[in-house]
Every structure is written in structure tokens, then in C-alpha cells.
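J.: One structure is given below, represented as C-alpha cells, and several questions about it will come after.
The values are calculated or read from the model by the stated rules, or taken from the named source; none is laboratory data. None of these values were measured; they are calculated from a predicted model. Neighbour counts run over all protein chains shown; Cβ positions are idealised from the backbone, glycine included.
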Amino acid sequence: MIVTTMEKPPAETIERAKALAAELGVRCVNRRRETLRGLERAKPDAHDGILVVGPKELRFVNGDAPPLFFHPSMALIRVKRLREGDTDALLRAASPLPGDSVLDCTAGLASDSLVLSYAVGEQGKVVALEASRVLHTIVREGLQEYDTGMEDVNGAMRRIEAVHAEHLAYLKGLAGRSVDIVFFDPMFSKPVMESTSLLPLRSVALDARLTEEAVAEALRVARKRVVLKEHRDSKEFGRLGFARSRRTAASVAYGVIEVNDIK
């Protein structure tokens with residue numbers, strides 16, 4: 001992977017690109033008048049992707065895959081509904097209260113993290129883990145820069161703490177009963193192919209099956225509950241002990257394990 005800039009970048013964008021390249025441990029390449037396709041052909045280390053830096057957005061381009069960039073997508077619609085007094089399927093399953101702490105172990109584009117952050121409010125805390133370094137970087141920067149036009153929603157995004165980490169290792173480093181809610185949303189075992197907004201995400205996200213060990217660690221860490229989001233027909237709920245699966249949309253369900261129910 002390499003880092004470059006938009007065409008005709010201002011000086012601050014060039015400096016930002018250099019800083020991100022140093023953080024990621026890759027080369028920062030001067031864009032000049034070169035096309036991205038031209039850079040891919042000319043630079044061997046660009047064959048696995050180019051991170052394009054602009055003044056207000058990072059965009060990851062890799063061959064013919066759709067470009068990846070931060071956007072709140074459906075999360076923004078969900079939060080708008082919450083602002084109008086509606087409810088949300090994730091919140092019905094996770095039951096967060098204002099002031100709760102939430103660990104999102106598989107953040108992706110942080111859509112669910114945003115909904116949870118809005119729910120727990122200014123006194124709450126959401127930590128969003130992402131194992132893919134490039135995805136983490138895009139989302140971390142986007143959470144701080146994206147403007148929804150709504151101050152309270154912007155605040156919910158800014159409060160999310162984005163962390164580059166593999167969730168099992170991170171969970172093992174936490175004290176017992178140190179987080180109210182632990183949430184898992186791994187890549188579905190049965191992909192929802194009509195969800196075109198997830199196609200760019202699949203090109204960079206680390207696709208690993210959720211393990212029983214990770215769930216056990218989550219149950220050790222959680223004070224209230226552990227929540228799993230999966231395809232409604234997934235066998236992962238039963239395999240991992242999430243007996244109370246809650247169906248929402250046509251293809252999505254949530255499984256919940258209440259910590260107080262564990263004997």
C-alpha cells in the first residue's frame with residue numbers, strides 16, 4: 001500500500017499524507033498529475049491499495065473494488081429516528097442506559113458504534129475496536145471530521161474512541177466487569193449480498209470467525225450483557241451460546257447473553 005493525495009493538494013494535506021504514511025509504515029508518493037491507475041501500474045507497493053488523502057476525507061482505492069471512505073450511512077438515518085422518539089433494534093437488544101460503557105469489538109465503519117454512542121450520551125463511553133489498520137485509520141479520521149449538520153450527532157461521533165486492536169487480545173487485557181456492554185458484529189457467516197454499502201468494507205476488513213474464547217472473555221469483562229449481531233439464519237447464535245436470538249429486519253438478528261443469567 002502507498003499513501004498519496006488528491007490532485008493539487010494544499011500544503012497541509014501533503015503534510016497530513018506524510019504523517020499518515022509514517023503511522024502506517026508505508027511510502028507517501030507525490031501525486032503530481034498521475035492518475036491512481038497510473039500509480040498502481042508504476043508503483044509495485046501500490047498493487048494492494050492506495051490511501052488517498054484529501055482535506056476532509058480519506059479514500060482507499062484498490063483495483064476494481066469500490067472505493068472505501070467513511071460515511072455514517074444507515075446509522076445516520078437510525079439516529080435521526082432516535083431523535084424523533086423512535087426506537088432501534090440494536091438498542092432493544094443491548095438495552096444501553098445513559099452513562100453506560102460499551103465495547104464494540106468489530107467496529108467496521110462504526111455505524112453501530114454511532115447508534116450506541118448516541119444512546120449512552122455524553123456521560124457514556126464507546127470504544128470501537130478494528131483489527132484492519134487501514135480501515136481503523138479511515139474510520140478514526142472520519143469520526144472526527146464528518147459533519148452531519150446536527151451538533152448532537154456530531155458529538156456522538158466525536159466521543160467514540162477508535163482503537164486499532166484485535167478484539168481477543170484487547171479483551172484479555174481488560175479487568176473483569178470493567179465494561180457494561182460488549183458487542184460483536186463480525187462479518188456475517190452468510191453474507192447479505194444485496195447490501196452494496198458493505199462491498200468496499202469487505203475488501204479490507206479482516207474476516208475471522210468469532211471464537212468461543214472471545215465470547216468467554218467478553219462475558220468475563222461485561223457487567224450487563226454481551227450482544228451478537230448476525231444473519232437471522234446463522235447457526236452462530238447456538239454455537240456460541242446466544243440462545244435468545246432477536247429478529248429485526250428481514251436478514252438481521254441479535255443474540256443476547258445476560259451476565260446475571262450465567263451460573
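J.: Determine, yes or no, whether residue 53 is in contact with a Pro (Cβ under 7 Å, 6 or more places away or on another chain) and either surrounded by fewer than 19 Cβ atoms within 10 Å (Cβ to Cβ) or touching a residue at least 24 places away in the same chain (Cβ under 8 Å) (or both). Let's see the steps before the verdict.
T.: Details: in contact with a Pro (Cβ under 7 Å, 6 or more places away or on another chain): no; either surrounded by fewer than 19 Cβ atoms within 10 Å (Cβ to Cβ) or touching a residue at least 24 places away in the same chain (Cβ under 8 Å) (or both): yes.
For residue 53, the condition - in contact with a Pro (Cβ under 7 Å, 6 or more places away or on another chain) and either surrounded by fewer than 19 Cβ atoms within 10 Å (Cβ to Cβ) or touching a residue at least 24 places away in the same chain (Cβ under 8 Å) (or both) - is not met.
J.: If I filter the range 117-134 for residues that are part of a loop (DSSP other than H, G, I, E, B), farther than 26 Å from residue 48 by Cα and among the hydroxyl-bearing types (Ser, Thr, Tyr), do I get at least one hit? Before the answer, list the steps.
T.: Kept after step one, since they are part of a loop (DSSP other than H, G, I, E, B), are these residues of the range 117-134: 121-124, 131-132.
Add one more test, that the residue is farther than 26 Å from residue 48 by Cα, and what stays is 121-124.
In the following step, the residues that additionally are among the hydroxyl-bearing types (Ser, Thr, Tyr) were identified as none.
No, the range 117-134 contains no residue that is part of a loop (DSSP other than H, G, I, E, B), farther than 26 Å from residue 48 by Cα and among the hydroxyl-bearing types (Ser, Thr, Tyr).
J.: Determine which member of the set 37, 33, 59, 83 is surrounded by fewer than 19 Cβ atoms within 10 Å (Cβ to Cβ), modelled with pLDDT of 95 or more and assigned by TED's automatic domain parsing to the domain that holds residue 13. Before the answer, list the steps.
T.: On the way: 37 fails: modelled with pLDDT of 95 or more; 33 fails: modelled with pLDDT of 95 or more; 83 fails: assigned by TED's automatic domain parsing to the domain that holds residue 13.
Answer to the check: 59.
Okay, residues lined up against (1) within 17 Å of residue 97 (Cβ to Cβ); (2) loosely packed, with under 15 Cβ neighbours inside 10 Å; (3) in contact with a strand residue (DSSP E or B) (Cβ under 6 Å, 6 or more places away or on another chain):
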| residue | (1), (2), (3) |
| --- | --- |
| 125 | yes, no, yes |
| 149 | no, yes, no |
| 154 | no, no, no |
| 171 | no, no, no |
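J.: Could you tell me which of the residues 107, 46 is outside the structural domain of residue 162 (by TED's automatic domain parsing) and either buried (at least 20 other Cβ atoms within 10 Å of the Cβ) or within 30 Å of residue 178 (Cβ to Cβ) (or both)?
T.: Values: 107 fails: outside the structural domain of residue 162 (by TED's automatic domain parsing).
Being outside the structural domain of residue 162 (by TED's automatic domain parsing) and either buried (at least 20 other Cβ atoms within 10 Å of the Cβ) or within 30 Å of residue 178 (Cβ to Cβ) (or both) holds for just one of 107, 46, which is 46.
J.: If you scan the range 211-238, which residues turn out to be modelled with pLDDT of 95 or more and assigned to a helix (DSSP H, G or I)?
T.: 212, 213, 214, 215, 216, 217, 218, 219, 220, 221
J.: Which of the residues belonging to the range 107-116 are assigned to a loop (DSSP other than H, G, I, E, B) and either of a type in the set (A, V, I, L, M, F, W, C) or farther than 23 Å from residue 148 by Cα (or both)? Before you say what the answer is, go through the steps one by one.
T.: We begin by selecting, within the range 107-116, every residue assigned to a loop (DSSP other than H, G, I, E, B); these are 107-110.
Residues satisfying the conditions are 107, 109, 110.
J.: Residue 75: small (Gly, Ala, Ser), touching a residue at least 24 places away in the same chain (Cβ under 8 Å) and buried (at least 19 other Cβ atoms within 10 Å of the Cβ), yes or no?
T.: Details: small (Gly, Ala, Ser): yes; touching a residue at least 24 places away in the same chain (Cβ under 8 Å): yes; buried (at least 19 other Cβ atoms within 10 Å of the Cβ): yes.
Yes: the conditions hold for residue 75.
J.: Residues of the range 93-108 being at pLDDT 95 or above, farther than 15 Å from residue 170 by Cα and touching a helix residue (DSSP H, G or I) at 6+ places or on another chain (Cβ under 9 Å), which ones?
T.: Hits for the range 93-108 are 94, 96, 97, 98, 99, 100, 101.
J.: Another question, if that's okay. Mind telling me which of the residues 151, 130 ends up being in the same structural domain as residue 169 (by TED's automatic domain parsing), farther than 23 Å from residue 25 by Cβ and of a type in the set (D, E, K, R)? Steps first, please.
T.: Values: 130 fails: farther than 23 Å from residue 25 by Cβ.
Going through 151, 130 in turn, the sole match is 151.
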